[in-house]
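Data block below; observations after.
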Amino acid sequence: MKKERPALDVNSLFTLALGMVSPWEVVGLNLDAKEKQLDIKVDFAPGSTFPCPECGEACKVHDASWHTWRHLNFFEHLSYIEGRQPRTKCDRHGVLTVDVPWARPGSNFTLLFEALVLEMARNGLTVAAIARMVGENDTLIWRLLEHYVDEARTRADFSGVTSVGVDETSRQKNHVYVTVFADMVTSKVMFVTEGKDHTTVADFKGDLLAHGGIVEKVTDFSLDMSQAFIKGILEAFPTAHLTFDRFHVIQLMNDAIDEVRRKEQKVCPELKGTRYDWFKNEAAVEPGQKPEFDVLRTSTLATARAYHIKTMLQELYEQHPDDAEAWFRRWYYWATHSRLEPVVRVAKTLQSHFDGIIRWFKSGLSNGLLEGINSLIQSAKARARGFRSARKMKTIIYLLLSKLDFRLPSAIPNRIH
């Protein structure tokens, strides 16, 4: 006849469920059905010894004090672990506090609770939403996330970085910005800093070096034609090549076309309402609009001439690398003899940045990655209805877009030991 195993009492059952091992054990439970709260009391047996936090030598307990840690909910009940945190007395290192195995030092949350919060944040939930769902103050949630981001960034390895993209993004209204640096090969954010002047590049250089990066190994930067970024890169990375984003180059021409159009529509009302048509490639014009637009496009209007000059500039990027320089020279001659002042101005700007434009044929870099990152950042900002500080915005950017090596509590077994 099979021998029945003795039934576990409730304390032993929770000790087993929490994965606690000697000398820790659950010694009491208090379930308040009205307040929907479960308090789990944890203690260690009399006479227990603990390793000295400094040398690991088994030591007797000198004294202990009670602490409380928020744990995962028990069904719909808020759950807390209450336990005595011992201090050992070591002959060599004196009296030291022993870390409890279910929480990190200094935290008021258990590791598994932190794992839940971190996973929710990494899946795009706002801090305000997480705070509501878990019933905690959002300030405490921010501190938790900032800790794990800071801790994970200490393990970031930039030793293999060769190509970097840089762009600014707005943090809030009134021209408050942060600058984002991304690894163009691995498509991840490396560094975020306040502002958008040339000193942001020096800040990035410092962070790169701190994470094992090598300045001379960074051969290329992708950027728009920001004079601040150009100055910063030339100072901090003198051997790197600049690649000016092709979409930014075309955007400059689109702005020139619109300037021509706005001036010309004063005497040519048919140009009103056509602003975005001139920004499109011919193939992108909607079929229903094409006949009307074709009339304007093939006309002798100054706006149409500016459009054709832009089209030729776009074709630069379809040329064989060996032919690109000659193509640009022909385009430059046409643009500067167009007698369209905004177009001439753009042509001269591009000529002064010629090396960075032609570099695209070797590097193939584009700030499309940064534009995508910026879109995700602005989406996160919109969901959060803005960030109260640059620190918080940087935390979310790193959390969502840096592919950091989080040593998450969720990566350990679902046990406390």
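The values are calculated or read from the model by the stated rules, or taken from the named source; none is laboratory data. These numbers come from a predicted model, not from an experiment. Cβ atoms come from the backbone with ideal geometry, glycine included; neighbour counts cover every protein chain shown. Accessible surface areas use protein heavy atoms only, side chains included; no ligands, DNA or RNA. Shrake-Rupley method; radii C 1.70, N 1.55, O 1.52, S 1.80 Å.
With the simple model of a label 7 Å out from the Cα in the direction of the Cβ, residue 251 to residue 318 spans 2.4 nm.
For the residues 372, 56, 19, a GNM of the chain with alpha-carbon springs under 10 Å puts the largest fluctuation on 56. What you get for the range 315-389, charging only the Cβ of Lys and Arg (+1) and of Asp and Glu (-1), is a dipole of about 640 debye around the Cα centre. Full extension of the segment from residue 239 to residue 403, taken as 0.36 nm per residue of separation minus the current Cα-Cα distance, would add 56.3 nm.
For the range 119-127, putting each phi into the Karplus relation 6.51 cos²θ - 1.76 cosθ + 1.60 with θ = phi - 60° gives couplings of 5, 5, 5, 5, 8, x, 5, 6, 4 Hz, in residue order, rounded to whole numbers and with x for Gly and Pro. The range 156-209 has equivalent-ellipsoid semi-axes of 21, 12, 8 Å, by the square roots of 5 times the alpha carbon gyration tensor eigenvalues, sorted largest first. When the chain is treated as a GNM with alpha-carbon contacts under 10 Å, the residue of 187, 79, 299 showing the greatest mean-square fluctuation is 299. Treating r as the C-beta distance of residue 13 and residue 67 and R0 as 22 Å, the FRET efficiency rounds to 0.40. Share of carbon and sulfur in the accessible area of the range 215-270 stands at 55%, probe radius 1.4 Å. Could you state the angle between the C-alpha long axis of helix 321-336 and the longest principal axis of the C-alpha atoms of the chain, as a value from 0 to 90 degrees rounded to the nearest 10? The angle comes out at about 60 degrees. Using the Cβ-Cβ distance between residue 376 and residue 143 with R0 set to 22 Å, the FRET efficiency works out to roughly 0.40.
In the chain, helical runs assigned H by DSSP with n ≥ 4 each contribute -39500 (n - 2.57); averaged across all residues and rounded to the nearest 500, the mean residue ellipticity at 222 nm is -12500 deg cm²/dmol. Stokes-Einstein diffusion for the range 217-342 at 25 °C, viscosity 0.890 mPa s, with a Kirkwood radius from C-alpha pairs, works out to 149 µm²/s. Scoring 228-234, 395-401 by mean Cβ neighbours within 10 Å over their residues and listing the highest first yields 395-401, 228-234.
GNM on the chain, alpha-carbon springs under 10 angstrom: the most fluctuating residue among 110, 243, 186 is 186. Principal axis extents of the Cα atoms in the range 68-197, from largest to smallest and rounded to whole angstrom, are 52, 45, 28.
Placing unit charges on each Cβ (+1 for Lys and Arg, -1 for Asp and Glu) gives the range 242-357 a dipole about its Cα centre, and among 307, 352, 267 the Cα reaching farthest toward its positive end belongs to 267. Counting only the backbone N, which residues of the range 229-258 are under 14 Å from the spot 7 Å out from the Cα of residue 219 toward its beta-carbon? From the range 229-258, the list is 239-243.
For the chain, the solvent-accessible area of protein heavy atoms averages 53 Å² per residue (probe radius 1.4 Å; ligands and nucleic acids excluded). Taking 0.36 nm per residue of separation and subtracting the current Cα-Cα distance, fully stretching the chain between residue 60 and residue 129 would add 20.4 nm. Each label was represented as a point 7 Å from its Cα along the Cα-to-Cβ direction; for residue 270 and residue 49 these points are 9.8 nm apart. FRET efficiency for the residue 155 to residue 344 pair, using the beta carbon distance and R₀ = 51 Å, is estimated at 0.50.
Taking only the Cα atoms of the chain, the ratio Rg/Rh comes out at 1.17, with Rh defined as the Kirkwood radius. Positive end of the dipole of the chain (Cβ unit charges, origin at the Cα centre): among 398, 22, 135, the Cα lying farthest that way belongs to 135. Relative to the Cα centre, the charge distribution of the range 148-268, modelled as +1 at Lys and Arg Cβ and -1 at Asp and Glu Cβ, gives a dipole magnitude of about 360 debye.
For the peptides 69-76, 216-223, 161-168, the ranking by packing is 161-168, 216-223, 69-76, with the highest mean count of neighbouring Cβ atoms within 10 Å listed first.
Compared with the alpha-carbon gap, the fully stretched path from residue 37 to residue 280 is longer by 81.4 nm at 0.36 nm per residue. Pairwise inverse Cα distances across the range 113-259, averaged and inverted, put the Kirkwood hydrodynamic radius at 17.4 Å. With just the Cα atoms defining each centre, how far is the range 163-226 from the range 306-383? Give it in Å. Answer, in whole Å: 21. Pairwise alpha-carbon distances in the range 12-68 exceed 15 Å for 60% of all pairs. Take 348-355, 373-380 and order them by the average number of nearby Cβ atoms within 10 Å per residue, most first; the result is 373-380, 348-355.
With bins 10 Å wide beginning at 0, the percent of Cα pairs of the range 360-405 falling in each bin runs 24, 44, 22, 10, 0.
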